[in-house]
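Read through the structure below, which is laid out as C-alpha coordinates, and then see the notes.
The values are calculated or read from the model by the stated rules, or taken from the named source; none is laboratory data. It should be emphasised that the depicted structure is a prediction, and the values quoted were computed from it without experimental measurement. Note that we place each Cβ from the backbone using ideal geometry, even for glycine, and neighbour counts take in every protein chain shown. Protein only, heavy atoms only, side chains kept; ligands, DNA and RNA dropped before computing areas. Shrake-Rupley method; radii C 1.70, N 1.55, O 1.52, S 1.80 Å.
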Amino acid sequence: MKTAVWKRNVFWGLLIAISAGLIGSFSIRIWEIDLSVAPGIGGDGTLILMLSKSIDENGIWGIFSNSYIGAPLGSTLIDVPFLDYLLVVIIWISNRIGGGYFEGYYVLYILTFITTAISMYFLLLRFQFSQWVRFVISLIFCAAPYHFYRSFGHITLSNYLTVPLGVYLAFYILEEDCNIIEKNKKKKKNKYIK
(Lines give C-alpha, C1' and ligand atoms only; values in the text may rest on other atoms or scores of the structure.)
Protein backbone atom coordinates (compact mmCIF):
# COMPACT_ATOMS: atom_id res chain seq x y z
CA MET A 1 0.00 0.00 0.00
CA LYS A 2 2.73 2.48 0.95
CA THR A 3 4.66 1.64 -2.22
CA ALA A 4 1.68 2.61 -4.36
CA VAL A 5 1.32 5.93 -2.52
CA TRP A 6 5.06 6.59 -2.86
CA LYS A 7 4.98 5.85 -6.60
CA ARG A 8 1.93 8.08 -7.07
CA ASN A 9 3.63 10.95 -5.21
CA VAL A 10 6.79 10.55 -7.32
CA PHE A 11 4.69 10.58 -10.50
CA TRP A 12 2.89 13.76 -9.48
CA GLY A 13 6.17 15.33 -8.35
CA LEU A 14 7.71 14.67 -11.77
CA LEU A 15 4.61 16.03 -13.47
CA ILE A 16 4.85 19.19 -11.36
CA ALA A 17 8.57 19.54 -12.12
CA ILE A 18 7.99 19.24 -15.87
CA SER A 19 5.07 21.67 -15.79
CA ALA A 20 7.01 24.21 -13.70
CA GLY A 21 9.99 23.90 -16.05
CA LEU A 22 7.69 24.64 -18.99
CA ILE A 23 6.28 27.67 -17.18
CA GLY A 24 9.82 28.96 -16.57
CA SER A 25 10.88 28.27 -20.16
CA PHE A 26 7.85 29.97 -21.65
CA SER A 27 8.20 32.94 -19.30
CA ILE A 28 11.58 33.89 -20.79
CA ARG A 29 10.82 32.54 -24.28
CA ILE A 30 13.93 30.44 -24.18
CA TRP A 31 13.68 29.53 -27.85
CA GLU A 32 14.05 33.19 -28.89
CA ILE A 33 17.06 34.28 -26.85
CA ASP A 34 20.78 33.86 -27.29
CA LEU A 35 21.89 31.82 -24.29
CA SER A 36 25.51 32.91 -24.63
CA VAL A 37 24.62 36.49 -23.68
CA ALA A 38 23.80 37.55 -20.14
CA PRO A 39 20.29 38.84 -19.50
CA GLY A 40 19.78 42.36 -18.21
CA ILE A 41 21.68 42.54 -14.97
CA GLY A 42 20.75 44.45 -11.88
CA GLY A 43 20.52 43.88 -8.17
CA ASP A 44 22.30 40.72 -7.12
CA GLY A 45 22.29 39.31 -10.67
CA THR A 46 25.86 40.52 -11.14
CA LEU A 47 26.97 38.71 -8.00
CA ILE A 48 25.25 35.49 -9.04
CA LEU A 49 26.85 35.69 -12.49
CA MET A 50 30.23 36.20 -10.84
CA LEU A 51 29.64 33.21 -8.58
CA SER A 52 28.44 31.17 -11.55
CA LYS A 53 31.58 32.05 -13.51
CA SER A 54 33.79 31.34 -10.53
CA ILE A 55 32.15 27.97 -9.88
CA ASP A 56 32.39 27.12 -13.58
CA GLU A 57 36.13 27.88 -13.68
CA ASN A 58 37.24 26.67 -10.23
CA GLY A 59 34.69 24.07 -9.20
CA ILE A 60 32.46 24.29 -6.15
CA TRP A 61 35.26 25.95 -4.13
CA GLY A 62 35.13 28.87 -6.55
CA ILE A 63 32.62 30.54 -4.24
CA PHE A 64 35.46 31.40 -1.87
CA SER A 65 38.18 32.63 -4.21
CA ASN A 66 38.87 33.17 -7.89
CA SER A 67 42.16 34.36 -9.33
CA TYR A 68 40.57 35.22 -12.70
CA ILE A 69 38.18 37.85 -11.32
CA GLY A 70 39.40 40.97 -9.52
CA ALA A 71 42.66 42.79 -9.86
CA PRO A 72 45.49 42.48 -9.00
CA LEU A 73 45.20 39.45 -6.70
CA GLY A 74 41.76 38.07 -7.59
CA SER A 75 38.58 37.99 -5.56
CA THR A 76 38.07 36.40 -2.19
CA LEU A 77 34.68 35.84 -0.59
CA ILE A 78 35.87 33.85 2.42
CA ASP A 79 34.60 36.34 5.00
CA VAL A 80 31.35 37.32 3.26
CA PRO A 81 28.43 36.09 5.40
CA PHE A 82 25.71 36.19 2.74
CA LEU A 83 26.21 32.93 0.88
CA ASP A 84 23.25 30.60 0.63
CA TYR A 85 24.91 27.24 0.16
CA LEU A 86 21.76 25.62 -1.19
CA LEU A 87 21.80 28.24 -3.94
CA VAL A 88 25.50 27.51 -4.53
CA VAL A 89 24.71 23.83 -5.08
CA ILE A 90 21.88 24.77 -7.44
CA ILE A 91 24.27 27.10 -9.34
CA TRP A 92 26.78 24.26 -9.63
CA ILE A 93 24.09 21.91 -10.97
CA SER A 94 22.76 24.53 -13.39
CA ASN A 95 26.28 25.15 -14.74
CA ARG A 96 26.66 21.44 -15.38
CA ILE A 97 23.29 21.25 -17.14
CA GLY A 98 23.78 24.46 -19.13
CA GLY A 99 27.37 23.83 -20.13
CA GLY A 100 28.64 27.29 -19.22
CA TYR A 101 28.00 30.07 -16.77
CA PHE A 102 25.74 32.20 -19.02
CA GLU A 103 23.71 29.16 -20.04
CA GLY A 104 23.76 27.99 -16.44
CA TYR A 105 22.29 31.32 -15.36
CA TYR A 106 19.26 30.72 -17.58
CA VAL A 107 19.00 27.15 -16.34
CA LEU A 108 19.20 28.48 -12.77
CA TYR A 109 16.22 30.74 -13.42
CA ILE A 110 14.18 27.82 -14.79
CA LEU A 111 15.28 25.64 -11.85
CA THR A 112 13.88 28.23 -9.45
CA PHE A 113 10.43 27.48 -10.87
CA ILE A 114 10.94 23.74 -10.52
CA THR A 115 12.36 23.79 -6.99
CA THR A 116 9.70 26.22 -5.78
CA ALA A 117 6.89 24.03 -7.14
CA ILE A 118 8.42 20.85 -5.71
CA SER A 119 8.89 22.40 -2.26
CA MET A 120 5.25 23.56 -2.24
CA TYR A 121 4.15 20.06 -3.27
CA PHE A 122 6.23 18.67 -0.38
CA LEU A 123 4.42 21.02 2.03
CA LEU A 124 1.00 20.10 0.66
CA LEU A 125 1.70 16.39 1.13
CA ARG A 126 1.31 17.10 4.83
CA PHE A 127 -2.34 18.03 4.34
CA GLN A 128 -5.18 15.89 3.07
CA PHE A 129 -5.71 17.54 -0.31
CA SER A 130 -6.36 15.68 -3.52
CA GLN A 131 -3.49 15.28 -5.98
CA TRP A 132 -5.07 17.74 -8.42
CA VAL A 133 -5.34 20.41 -5.75
CA ARG A 134 -1.68 19.90 -4.80
CA PHE A 135 -0.74 20.08 -8.46
CA VAL A 136 -2.62 23.32 -9.11
CA ILE A 137 -1.52 25.07 -5.90
CA SER A 138 2.12 24.13 -6.52
CA LEU A 139 2.02 25.55 -10.05
CA ILE A 140 0.23 28.71 -8.93
CA PHE A 141 2.83 29.20 -6.20
CA CYS A 142 5.76 28.79 -8.58
CA ALA A 143 4.18 31.15 -11.11
CA ALA A 144 3.41 33.90 -8.62
CA PRO A 145 3.90 37.45 -9.95
CA TYR A 146 6.68 37.93 -7.41
CA HIS A 147 8.78 35.38 -9.28
CA PHE A 148 8.48 37.32 -12.54
CA TYR A 149 8.95 40.69 -10.86
CA ARG A 150 12.27 39.70 -9.27
CA SER A 151 13.38 37.67 -12.29
CA PHE A 152 17.09 37.74 -13.21
CA GLY A 153 17.96 40.94 -11.36
CA HIS A 154 17.21 39.43 -7.95
CA ILE A 155 17.50 35.74 -8.65
CA THR A 156 18.25 34.97 -5.01
CA LEU A 157 14.84 36.41 -4.15
CA SER A 158 13.22 34.59 -7.07
CA ASN A 159 14.43 31.38 -5.50
CA TYR A 160 11.83 31.27 -2.73
CA LEU A 161 11.79 27.48 -2.37
CA THR A 162 12.61 27.77 1.32
CA VAL A 163 9.26 29.42 2.16
CA PRO A 164 7.20 26.18 1.97
CA LEU A 165 10.00 24.26 3.67
CA GLY A 166 10.00 26.82 6.51
CA VAL A 167 6.22 26.51 6.88
CA TYR A 168 6.59 22.72 6.94
CA LEU A 169 9.24 23.02 9.66
CA ALA A 170 7.00 25.38 11.66
CA PHE A 171 4.11 22.89 11.50
CA TYR A 172 6.44 20.09 12.55
CA ILE A 173 7.79 22.04 15.54
CA LEU A 174 4.30 23.16 16.57
CA GLU A 175 3.03 19.60 16.37
CA GLU A 176 5.92 18.30 18.48
CA ASP A 177 5.38 21.05 21.07
CA CYS A 178 1.68 20.18 21.28
CA ASN A 179 2.50 16.48 21.71
CA ILE A 180 4.92 17.28 24.55
CA ILE A 181 2.32 19.46 26.30
CA GLU A 182 -0.33 16.73 25.98
CA LYS A 183 2.05 14.12 27.40
CA ASN A 184 2.90 16.38 30.33
CA LYS A 185 -0.78 17.05 31.00
CA LYS A 186 -1.44 13.34 31.24
CA LYS A 187 1.54 12.71 33.53
CA LYS A 188 0.82 15.80 35.72
CA LYS A 189 4.56 16.17 36.29
CA ASN A 190 4.77 19.84 35.39
CA LYS A 191 2.93 22.09 37.81
CA TYR A 192 3.02 25.02 35.33
CA ILE A 193 0.88 23.26 32.72
CA LYS A 194 -2.81 23.31 33.60
Review point. Picking from 132, 92, which residue would you name as being part of a helix (DSSP H, G or I), open to solvent by 30 Å² or more (accessible area, probe 1.4 Å) and out of contact with any helix residue (DSSP H, G or I) (no Cβ under 8 Å at 6 or more places or on another chain)?
Key: 132
Review point. What are the residues in the range 27-58 that are free of Cβ contacts under 8 Å to residues at least 12 places away in the same chain and assigned to a loop (DSSP other than H, G, I, E, B), if any?
Key: 29, 31, 32, 34
Check your understanding: How about the range 137-165: which of its residues are hydrophobic (A, V, I, L, M, F, W, C), open to solvent by 70 Å² or more (accessible area, probe 1.4 Å) and farther than 25 Å from residue 38 by Cβ?
Key -> 140, 163
Practice item. Could you check residue 46 against (1) open to solvent by 60 Å² or more (accessible area, probe 1.4 Å); (2) within 23 Å of residue 114 (Cβ to Cβ) and say which number it fails? Key: (2)
Check your understanding: What's the number of the condition residue 30 fails, among (1) modelled with pLDDT under 75; (2) closer than 28 Å to residue 139 by Cβ; (3) loosely packed, with under 12 Cβ neighbours inside 10 Å?
Key -> (3)
Check your understanding: Considering only the range 121-150, how many residues are among the small types (Gly, Ala, Ser) and either without any contact (Cβ under 8 Å) to a residue 60 or more places away in the chain or touching a Lys or Arg at 6+ places or on another chain (Cβ under 6 Å) (or both)?
Key -> 2
Review point. Regarding residue 3, is this residue within 22 Å of residue 148 (Cβ to Cβ) and hydroxyl-bearing (Ser, Thr, Tyr)?
Key: no
